[in-house]
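Participant: One structure follows; several queries about it will come next.
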Amino acid sequence: MGFEGEKREEEEGVRMANDFFWSYTDEPHASRRRQILSQYPQIKHLFGPDPFAFLKISGVVLLQLWTATFLHDATWLKILIVAYFFGSFLNHNLFLAIHELSHNLAFSTPTYNRWLGIFANLPIGVPMSVTFQKYHLEHHRFQGVDGIDMDIPSQTEVHAVKNVLAKSIWVILQLFFYAFRPLFLKPKPPGVWEFINFTIQLSLDGTMVYFWGWKSLAYLILSTFVGGGMHPMAGHFISEHYVFKPEQETYSYYGPLNLMTWSVGYHNEHHDFPRIPGSKLYKVKEIAPEYYENLDAYKSWSQVIYMYIMDRTVGPFSRMKRKLSTKANKSE
């Protein structure tokens, strides 16, 4: 990979990053995909929807909505505890289900995936499934491209988040940065599907408040918020593309939380083959191990969060960026 290392300045003996990593080659996944498929064409048999996605999503949605109604008269302390240790796992699972659906991996018909995404969105409390798909597919097609890939922190973030305290606050609020960054930096006009997503979500929220009260809705919102902050599940936000090693811009996680996160931890495999559902991504590594065994990977998302906060040379600048290439990958 051709890249220019980040510029650094000495501060109290610690080398602090003050620029992104800049790559002068295309993102690595399209070329690796071609190499793997030429050597292992049978991987194409893994392409296609997960036949159990609808059932898995429905079970989590119904369980979380029932939990919210059950807590309608609970104390705020109980709501917070249940939200962090239980509801956060369910809502983050649904967030990653929406990620799966953005790649049309529940049904062959895209419209059906969109409807299921709106359904999966319900316990999250805030309408986001349709908008997420628009920006996420650009993240795949234009990984790291300056001004297009909204997964990369803004200049405001990188200049403000410079120490352990600031990074800790950023991690706690990272879901807000993740959600609002594209709306400020690269806003897209809402369409009919956003309106449908918005209307159905607010109808569910209003129904929850009308029949069970504000505490039930608060539980859903808290589950989303705490599950996207200082929480083991949220470690994937950092582990996927934050550069701890300049030669590598995407990292996989091979740990037990993949069972609850649609195997999003297999992130190199996912970017190499976004048409393979999470339930089959492990097979990619089994079929073509030589392409993945030499790549750095993680076994703990909690450890990733700790390293990000405590390593003073790592921060929002620790991302690979590139200019738009005429060879930019146009396929999902």
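The values are calculated or read from the model by the stated rules, or taken from the named source; none is laboratory data. Values in this document were obtained by computation on a predicted structure and should not be read as measured data. In this analysis, Cβ positions are derived from the backbone assuming ideal geometry, glycine residues included, and neighbour counts consider all displayed protein chains. Side chains included, ligands, DNA and RNA excluded: accessible areas come from the protein's heavy atoms. Shrake-Rupley method; radii C 1.70, N 1.55, O 1.52, S 1.80 Å.
Participant: With only alpha-carbon pairs counted, each pair once and no self-pairs, how large is the Kirkwood hydrodynamic radius of segment 220-332 in angstroms?
Facilitator: Working: mean 1/r = 0.0654 Å⁻¹.
Roughly 15.3 Å, rounded to one decimal.
Participant: Ranked from highest to lowest mean number of other Cβ atoms within 10 Å per residue, what is the order of the peptides 226-237, 46-57, 102-113? Numbers along the way, then the final one.
Facilitator: On the way: 226-237: 22.2, 46-57: 16.2, 102-113: 18.1.
Highest mean packing first, the order is 226-237, 102-113, 46-57.
Participant: Could you work out the relative contact order of segment 103-198? I mean the mean sequence separation of Cα pairs under 8 Å and 6+ apart, divided by the number of residues, in percent.
Facilitator: Values: 50 pairs, mean separation 25.5, N = 96.
Contact order relative to length: 27 percent.
Participant: Between segment 24-49 and segment 165-199, what is the C-alpha centre distance in whole Å?
Facilitator: Rounded to whole Å, the Cα centres lie 30 Å apart.
Participant: Cα axis of helix 301-310 to longest principal axis of the chain: angle in degrees, 0 to 90, nearest 10?
Facilitator: Roughly 60 degrees, rounded to the nearest 10.
Participant: Next question, about the same structure. So how strong a dipole does segment 136-196 carry about its Cα centre when Lys and Arg Cβ are +1 and Asp and Glu Cβ are -1, to the nearest 20 debye? The partial results should precede the final answer.
Facilitator: Values: 6 positive and 6 negative charges, 29 e Å.
Roughly 140 debye, rounded to the nearest 20.
Participant: On to the next question. Using the alpha-carbon atoms, what tilt in degrees (0 to 90, nearest 10) does helix 129-141 show relative to the longest principal axis of the chain?
Facilitator: Value to nearest ten degrees: 10.
Participant: Let me know the Kirkwood hydrodynamic radius for segment 117-251, please, with Cα pairs as the basis and the value in Å to one decimal. Each step should come with its number before you reach the end.
Facilitator: Details: mean 1/r = 0.0604 Å⁻¹.
Over segment 117-251, the inverse of the mean reciprocal pair distance is 16.5 Å.
Participant: Is it possible to state the helix-based mean residue ellipticity at 222 nm for the chain, with each DSSP H run of 4+ residues giving -39500 (n - 2.57), the sum divided by total residues, to the nearest 500 deg cm²/dmol? What is it? It would help to have the intermediate numbers written out before the result.
Facilitator: Details: 15 runs with 167 residues, N = 332.
Helix contribution divided over all residues of the chain: -15500 deg cm²/dmol.
Participant: Can you give the charge dipole size of the chain about its Cα centre, rounded to the nearest 20 debye, using +1 on the beta carbon of Lys and Arg and -1 on the beta carbon of Asp and Glu?
Facilitator: Working: 31 positive and 30 negative charges, 118 e Å.
The dipole magnitude comes to about 560 debye.
Participant: Return the Rg/Rh ratio of segment 124-176 with Cα-based radii and a Kirkwood Rh. Mind dumping the intermediate values first?
Facilitator: Numbers: Rg = 13.3 Å, Rh = 12.8 Å.
Radius of gyration relative to Kirkwood radius: 1.04.
Participant: Just grab the label-to-label distance for Thr156 and Met260, each label 7 Å out from Cα along the Cβ direction, in nm (one decimal).
Facilitator: Simple spin-label model gives 3.2 nm for this pair.
Participant: Skipping prolines and chain starts, which residues have an amide H placed within reach, meaning under 5 Å, of the one on Trp22, given they are 5 or more residues away or on another chain?
Facilitator: Correct list: Glu4, Lys321.
Participant: Follow-up question, since we're still on this one. Over the chain, what percent of the accessible surface lies on carbon and sulfur atoms, probe 1.4 Å?
Facilitator: 65 percent
Participant: Give the share of C-alpha pairs in each 5 angstrom bin for segment 53-166, from 0 to the last occupied bin, in whole percents, shortest bins first.
Facilitator: Percent of pairs per bin, in order: 2, 11, 17, 16, 15, 15, 12, 9, 4, 0.
Participant: Another question, then. For the chain, what is the accessible area per residue in Å², given a 1.4 Å probe and the full set of protein chains?
Facilitator: Values: 15420 Å² over 332 residues.
Per residue, the chain has 46 Å² of solvent-accessible surface.
Participant: Order Asp311, Asp149, Asp19 by their accessible area, 1.4 angstrom probe, all chains in place, largest first. Provide the component values of the computation, followed by the final result.
Facilitator: Numbers: Asp311 55, Asp149 5, Asp19 30 Å².
Reading off the accessible areas and sorting them downward yields Asp311, Asp19, Asp149.
Participant: Hey, any idea what Rg/Rh is for the chain, computing Rh the Kirkwood way over Cα pairs? It would help to have the intermediate numbers written out before the result.
Facilitator: On the way: Rg = 19.9 Å, Rh = 20.7 Å.
Using only Cα positions, Rg/Rh for the chain is 0.96.
Participant: Tally Lys/Arg at +1 and Asp/Glu at -1 over every other residue whose Cβ is under 11 Å from the Cβ of Leu46; what's the total? All intermediate terms of the calculation are to be shown ahead of the outcome.
Facilitator: Numbers: positive: Lys44, Arg275, Lys280, Lys283; negative: Asp50, Glu269, Glu286.
Computed value for this residue: +1.
Participant: What does the charge count around Ile200 come to, taking other residues whose C-beta lies under 15 Å from its C-beta (Lys +1, Arg +1, Asp -1, Glu -1)? Before the final figure, lay out the partial values.
Facilitator: Working: positive: Arg114; negative: Glu194, Asp205.
Cβ neighbours under 15 Å give a net charge of -1.
Participant: Further question: Would you mind putting 124-131, 296-303, 182-189 in packing order, based on average other-beta-carbon counts within 10 Å, highest first? It would help to have the intermediate numbers written out before the result.
Facilitator: Numbers: 124-131: 22.0, 296-303: 16.4, 182-189: 11.9.
In descending order of packing, they fall as 124-131, 296-303, 182-189.
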